[in-house]
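Visitor: Just passing along the structure, written as structure tokens.
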Amino acid sequence: MEGSNNTTQESREPFVANDSSLRNNRVIPQLLTSVPALNDAASYLSETTSLFTRCFMDYSEPASRGLGGQEMVTFGSAESRGSPVLNTASSSGSDLAVCKASQSSVDVPLLHEGLSRTLSRKSSQSGNAATNSEDLSEGSSAQVLSRNTSPNGISIFQGLIERVRRTVRGSADDIGWLQRASHMPPVDDQTDRFVEIIDDIRHGLHGLPNSMVYLLVPGLFSNHGPLYFVNTKTSFSKMGLTCHIAKIHSEACVEKNAREIKDYIEEIYWGSRKRVLLLGHSKGGVDAAAALSMYWTDLKDKVGGLVLAQSPYGGSPIASDILREGQLGDYVNIRKLMETLICKVIKGDLLALEDLTYERRKEFLSKYHLPRELPVVSFRTEASISPAVLATLSRVAHAELPTFSAAQPATTFPVVMPLGAVMAACAQLLQIRYGEKSDGLVTCCDAEVPGSVVVRPKRKLDHAWMVYSELNDNPTEADASQVCEALLTLLVEVGQRRRHELSNKDE
């Protein structure tokens, strides 16, 4: 009889499971005391289970309400109700989870009729179990009072729903925000003139003056690409033009690079007494535009114009979707992964990627604007998403084989990567998700600077084509060096036309 009574008492043992006790781990059974890490995990899972149990209860019909917003739930004792769940729990040696109410209690899980919670208990808690079981057996039913936990439960689901909504919606509301802004000036499409200049260049007619210095500003991660802009600089040098590649830390933030570009321009100008024409690719265009926006009073007599080639001037959906807070990706800490990749592996700054998000671009452009008198050309492209690009390989570096003799020339071979396939996959993703055309990383509408001359080629070119040549380049088409030359030639014409208009306006 004592054995059966003890079993009955153990089966009726209450388990107090309010929020404060769960957080302090005073009542969660130490299931795995020999392994602290697993014990902590078990405690965390127990607490999470309790929270979600309350959430589901909030959507159930309460048994009764009273006492100023508190919920009163009546439970029959084990003897009077004869619940099969209780009989099963007592026969298995588990405990019934019951919340005992008091006026000073804090939030506890709402228990409804027919709900039983079982957790294994330590033998050292058997004394408390016996005392609580006597309290339960004094009456035929027990009344449990708890504060309404609906706000806590609903807030958890509202937070989850909001994360899902933000993840699904993504950058749909931000793409093309510059074109939708009412105060932004319209663009001027000069694609036809660009095509004419390309045709002249391919026939040996070059229009770039040697009275200018040409500065190429590389984009994000260019420090890890030895061939970034190298072919373009070589081509310009063969034509007798002075061309430089800005030696900036491409993984630094926009404002830091803007300061370095400003110093670079002043150094070139004071050394040559020639004005500088800038061509920035990808983030390099954003950095160059930031330099001219922030330090225009110091640079207006030293700069002749700016070309932004495939630059996310309005922002990038790729960067925004990766770093946007409040998404489902927060559960796997994507932001921390990107921070480790950029800061630890690449030795860069996470702000370099953050500055390309729509939020940061809106914040920056609200403070700094490109001067109206500055000639600007925007070049945006659309990547091909045909299956043929899967076989495209881009030359990103050269490698030399070791030689065993000083007289033997070194053997070099190209280091290639399937950048075309990666850009095509990204372009396809943006097309399906947002219905926007892109070069793989930057949408066409975000690459167009308001008030600028825009070039929109029909030829399919991805984001990496401008700086990394392909192994199977089509000889009948213009290469990246010729495209850069044509863009700068168009910029010179725009600058001459702009100066002529200003002079007529002054007269």
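The values are calculated or read from the model by the stated rules, or taken from the named source; none is laboratory data. These numbers come from a predicted model, not from an experiment. Keep in mind that these areas ignore ligands, DNA and RNA; they rest on the heavy atoms of the full protein, side chains included. Shrake-Rupley method; radii C 1.70, N 1.55, O 1.52, S 1.80 Å.
Visitor: Give the ranking of 297, 191 by solvent-accessible surface, highest area first, calculated with a 1.4 Å probe.
Guide: Correct descending sequence by accessible area is 297, 191.
Visitor: Determine the shape class of segment 191-280: with a ≥ b ≥ c the square roots of the Cα gyration tensor eigenvalues, call it rounded for a/c under 1.5, and otherwise prolate if a/b is greater than b/c, oblate otherwise. Please list the in-between numbers first.
Guide: Values: a/c = 2.03, a/b = 1.48, b/c = 1.37.
Cα axes put segment 191-280 in the prolate bin.
Visitor: Carbon-plus-sulfur fraction of the accessible area of segment 176-316, 1.4 Å probe, in percent? Could you put the intermediate results ahead of the total?
Guide: Details: 2930 of 5850 Å².
Answer for segment 176-316 is 50 percent, counting heavy atoms of protein chains only.
Visitor: How long is the gain from residue 263 to residue 474 if the chain were fully straight, where each residue apart is worth 0.36 nm and the alpha carbon distance is subtracted? Intermediate values should be presented prior to the final figure.
Guide: Details: separation 211, 0.36 × 211 = 75.96 nm, distance 3.87 nm.
Roughly 72.1 nm would be gained on extension.
Visitor: How much length would be gained if the chain were fully extended between residue 188 and residue 242, taking 0.36 nm per residue of separation minus their Cα-Cα distance, in nm to one decimal? Write down the numbers at each step before the final one.
Guide: On the way: separation 54, 0.36 × 54 = 19.44 nm, distance 2.90 nm.
Extra length from residue 188 to residue 242 when fully extended: 16.5 nm.
Visitor: Check residue 189: other-chain or 5+ apart residues with amide H under 5 Å from its amide H, H built from backbone geometry?
Guide: Hits under the 5 Å cutoff: 454.
Visitor: Ranked from the most accessible area to the least, with a 1.4 Å probe and all protein chains present, what is the order of 465, 177? Numbers along the way, then the final one.
Guide: Details: 465 15, 177 45 Å².
Largest to smallest exposure gives the sequence 177, 465.
Visitor: Another question, then. Each residue of segment 354-359 in order: what ³J(HN,Hα) in whole Hz does its phi give by Karplus 6.51 cos²θ - 1.76 cosθ + 1.60, θ = phi - 60°, with x for Gly and Pro?
Guide: 4, 5, 9, 6, 4, 4
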